[in-house]
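First the structure, in the form of structure tokens, and then the observations on it.
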Amino acid sequence: MSDPVVLITGASSGIGAETARHAARAGHRVVLAARTREKLEGLVAELGGPERALAVPCDVTDLEQQQAMVRRALDAFGRIDAVFANAGRGGSPGGFSGADPAQWKDMILTNVYGVGLTVQATLPALKESRGHLLLMSSAAGRATIPGSMYSATKWAVTAIGYNVREELRGTGIRVTLIEPGMVDTPFFDQPPETAMKPEDIAGAVMYALAQPRHVDVNEILVRPTPPGTD
């Protein structure tokens, strides 16, 4: 089959799962990667079964698991046209003076190291397809937030996007940073009423993917509309 293939990490819920739904509706085959197999299998069934979707349990902090993820994707579909490095996690309260360092470590490994491993593991396939690399950063990766190690990890993802774009200049691979503000996902216990929905961010991802090859959308910053008076 010639339908394009999109690989999504952190695909079991929230923005990742909604992006998979949007991509499937647009005619893409999807590779769904996350730690939780059960949620992935349910999503595979929803998206049309094994001919249209593939579930790959994967811990993004493990290079061998990421390499195996890529091999399974290529064995199943023969190509990878786009990668959405979406997997991430939030931090712990307490700021730099009182946060739990163990939670810091897991967050940094997932949000920064894991993104780097996804890039490294998927680049050979993306070079073959002259594909598209999308990285989940955040509006927090553009702002100063008191005591936020999470914000620091997203600044790092933004830097990865800028730097890998320069590394890939001339290869035909496009690189897009997705930078959402507050989104109503399992990431937050009680998001505000003004928070965006996962489908809002999935739409931004699909906008970048849908552009003709000569158009390279470098960054998409998406924030909730401030509340106003009708």
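The values are calculated or read from the model by the stated rules, or taken from the named source; none is laboratory data. In this text the structure is predicted, and so the values were computed from the model without any measurement. Glycine gets a Cβ as well: all are built from the backbone with ideal geometry, and neighbour counts include every protein chain shown.
The number of residues in region 5-21 being under 18 Å from residue 49 (Cβ atoms) and surrounded by fewer than 24 Cβ atoms within 10 Å (Cβ to Cβ) comes to 1.
Quick check, is residue 221 in contact with an Asp or Glu (Cβ under 7 Å, 6 or more places away or on another chain), hydrophobic (A, V, I, L, M, F, W, C) and surrounded by 13 or more Cβ atoms within 10 Å (Cβ to Cβ)? Criteria met by residue 221.
Summed over region 18-54, the residues that are in contact with a Ser or Thr (Cβ under 6 Å, 6 or more places away or on another chain) and among the basic types (Lys, Arg) give a count of 1. From the list 143, 204, 208, 125, the one residue that fits, being at pLDDT below 95 and either farther than 25 Å from residue 79 by Cα or assigned to a helix (DSSP H, G or I) (or both), is 143. Of 17, 23, 73, all but one fail to be touching a Pro at 6+ places or on another chain (Cβ under 9 Å), part of a helix (DSSP H, G or I), under 20 Å from residue 131 (Cβ atoms) and touching a residue at least 12 places away in the same chain (Cβ under 8 Å); the exception is 23. Anything in region 50-70 that is under 17 Å from residue 10 (Cβ atoms) and in a loop (DSSP other than H, G, I, E, B)? List them, or say none. Of everything in region 50-70, those that are under 17 Å from residue 10 (Cβ atoms) and in a loop (DSSP other than H, G, I, E, B) turn out to be 58, 59, 60, 61, 62.
Look at region 91-107: where a residue is closer than 12 Å to residue 151 by Cα and a partner is hydroxyl-bearing (Ser, Thr, Tyr) and assigned to a helix (DSSP H, G or I), sitting 6+ places away or on another chain with Cβ atoms under 6 Å, you get 91/150. Which of the residues spanning region 40-50 are out of contact with any helix residue (DSSP H, G or I) (no Cβ under 8 Å at 6 or more places or on another chain) and touching a residue at least 12 places away in the same chain (Cβ under 8 Å)? Within region 40-50, 40, 41, 44 meet the criteria. Within region 86-118, being buried (at least 22 other Cβ atoms within 10 Å of the Cβ) and closer than 16 Å to residue 175 by Cβ holds for 86, 115, 118.
Checked against the criterion of being under 18 Å from residue 115 (Cα atoms), surrounded by fewer than 22 Cβ atoms within 10 Å (Cβ to Cβ) and over 16 Å from the mean Cα position of the chain (by Cα), the candidates 167, 193 yield just one match: 167. When region 146-177 is filtered for residues that are among the hydroxyl-bearing types (Ser, Thr, Tyr) and either part of a loop (DSSP other than H, G, I, E, B) or in contact with a strand residue (DSSP E or B) (Cβ under 7 Å, 6 or more places away or on another chain) (or both), the ones remaining, listed by number, are 148, 158, 171, 176.
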